[in-house]
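Taken together, the values in this text are just the output of simple stated rules run on the coordinates, not laboratory data. Quantities reported herein were computed from a predicted structural model and do not represent experimental measurements. Glycine also receives a Cβ, built like all others from the backbone with ideal geometry; neighbour counts cover every protein chain displayed.
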Amino acid sequence: MTKTRTAFLMAIAAAAAIAAQSNGIPGLEMKVTKIERAANASLKDCPPGTNTVNAVAKPGEQFAIVTVAFKVGSTYSPATLKGKRPTALDTADKKYFTPSYFVDPGSVGEFSCTFPFRVAEGTKLKTLNVESAAIDLTGVDK
Amino acid sequence: MEIDRRAFIASLGGPAVVAMMDHEAKAEALEHYMEEKLDEMVAQNQSGQPEKFPTVAELEAQIETRPYRRGAGTLFTGQRGQNVKILQPMPPKPTLKDYFELRFAPANHVLQSATRAMKTGMSEEIILACLLHDCVLSLIKPDHGWWGAQLFEPYIPEKSAFAIRYHQTLRFYPDEEAGYEYPDQYYRIFGHDYTPPQYIQDTYKMLKNHKWYMEPRLVTVNDLYAFDPNAKVSIEPFLDIVGRHFKQPKEGLGYDNSPSAHMWRTLARPDNPL
């Protein structure tokens, strides 16, 4: 096996290992733990705070609720995600917005957030984008 | 918060009755947070089925079951079915802070909305609009966007007044890109089959193309209709912003002959018979 081929195979293995996980934001570890479908969604901020508004899906729609676990490191700058929101792409590259905002994301060391995306029933999500980080969802959204 | 779910729902007549209760009726029995919990519990009791929201006709049928109108300001009705309380007198030259402490209190909703706006890095005009956007509910509820803007207009930046006036309209129209979803609370208080009246539809059309569309939109994004009851909030963190953007009249709010001075006086003396 040539050196190049070995490196190529190692890169593929590494990519598979980090599926649904991303370190694209300095000091912030993110991992998608599950994706659920529901007719209602809580629009809690991230980390969960004072916003407990709920939303209801219309006929033919549902919420794809993406749960992400975060771990904040010492190099994380709180300004990076302040007031930002993730977006998602489906398999046809259609972009979706979540109403759940990052509010004070550096205030807690470890937390889990749910990001609801209003989608047509049966829509599969491909990618979760959090600013510069893209997390592959294909292995999670089955 | 710990609630004995079965006992609490049973005390109100069971899940079916609770599901039919309007916002004010529930508020008589519960604080905001208990109400929110109750809705969740009712939903759970219905075997995971989505909550059944009332229709416009069902809400209308409740009008003659109350001794007050839903549009009455909170200063004019008793809380939780109780009689109204004696209010502390206002100082001779009242400030906005005085009104917050003596007439708008506890003001959790607006304080939490403004706190969130501050934490998400919004402009000071938006934070101020969030802080003031629902204060007029102490006086009157219908068309509170317009009433609220009129109350504050002589004293605040034009953008903040615009945001207060039109947040009421934009509450009826989701905007996924801006991060605003139609809240389930509106299905409860307006009915799931509610259609906004023509003047709201026309205002929305105007706003969609307005250069300041995002000002009221950001108020709706931070308008936490259901909120954390345990969050500790106060007016203190906003006093600097108020100092920079709120033109406090030296005569005191209500005594400066501004176009809205009479509204402030009504808030100061809601027990006056005429």
* Asked: With a sphere of radius 13 Å drawn around the Cβ of B:Lys159, what net charge do the other residues whose Cβ falls strictly inside it have (Lys, Arg +1; Asp, Glu -1)?
  -> -2
* Asked: Hey, what's the Kirkwood Rh for region A:26-71 if you take every pair of different alpha carbons, in angstrom?
  -> 12.1
* To do: Please give, to one decimal in nm, the separation of the simple spin-label points placed at B:Glu64 and B:Lys93, each 7 Å out from Cα toward the Cβ.
  => 5.3
* What number, in nm² with one decimal, is the all-direction average of the projected area of the convex hull of the alpha-carbon atoms of region A:54-142? -> 6.2
* Take the Cβ-Cβ distance between A:Thr67 and B:Met206 as r, set R0 to 35 Å, and report the resulting FRET efficiency rounded to the nearest 0.05. => 0.30
* Cut-off under 5 Å, modelled amide H: who pairs with A:Arg37 long-range -> A:Ile65
* Distance-filtered residues of region A:52-86 - backbone nitrogen under 11 Å, label point 7 angstrom along A:Ser112 Cα→Cβ -> A:67-70
* Structure fact -> Once phi for every residue in region B:64-80 is put through the Karplus expression 6.51 cos²θ - 1.76 cosθ + 1.60 (θ = phi - 60°), the whole-Hz ³J(HN,Hα) values, with Gly and Pro written as x, are 7, 9, 10, x, 9, 9, 4, x, 5, x, 5, 5, 9, 10, x, 7, 6
* Asked: Expressed as a whole percent, how much of the Cα-Cα distance distribution for region B:142-254 exceeds 25 Å?
  -> 30
* For A:Leu28, distant residues with modelled amide H under 5 Å away -> A:Gly73
* Could you go through region B:148-160 in sequence order and give the Karplus-derived ³J(HN,Hα) for each residue, using 6.51 cos²θ - 1.76 cosθ + 1.60 with θ = phi - 60°, rounded to whole Hz, and x for Gly and Pro? => x, 4, 5, 4, 9, 3, x, 10, 10, x, 4, 5, 5
* Once you sort the root eigenvalues of the Cα gyration tensor of region B:73-200 as a ≥ b ≥ c, which label holds: rounded (a/c under 1.5), prolate (a/b larger than b/c) or oblate (the other case)? -> oblate
* Asked: Which semi-axes, in whole Å and largest first, does the equivalent ellipsoid of region B:205-274 have when worked out from the alpha carbon gyration tensor as the square roots of 5 times its eigenvalues?
  -> 28, 21, 17
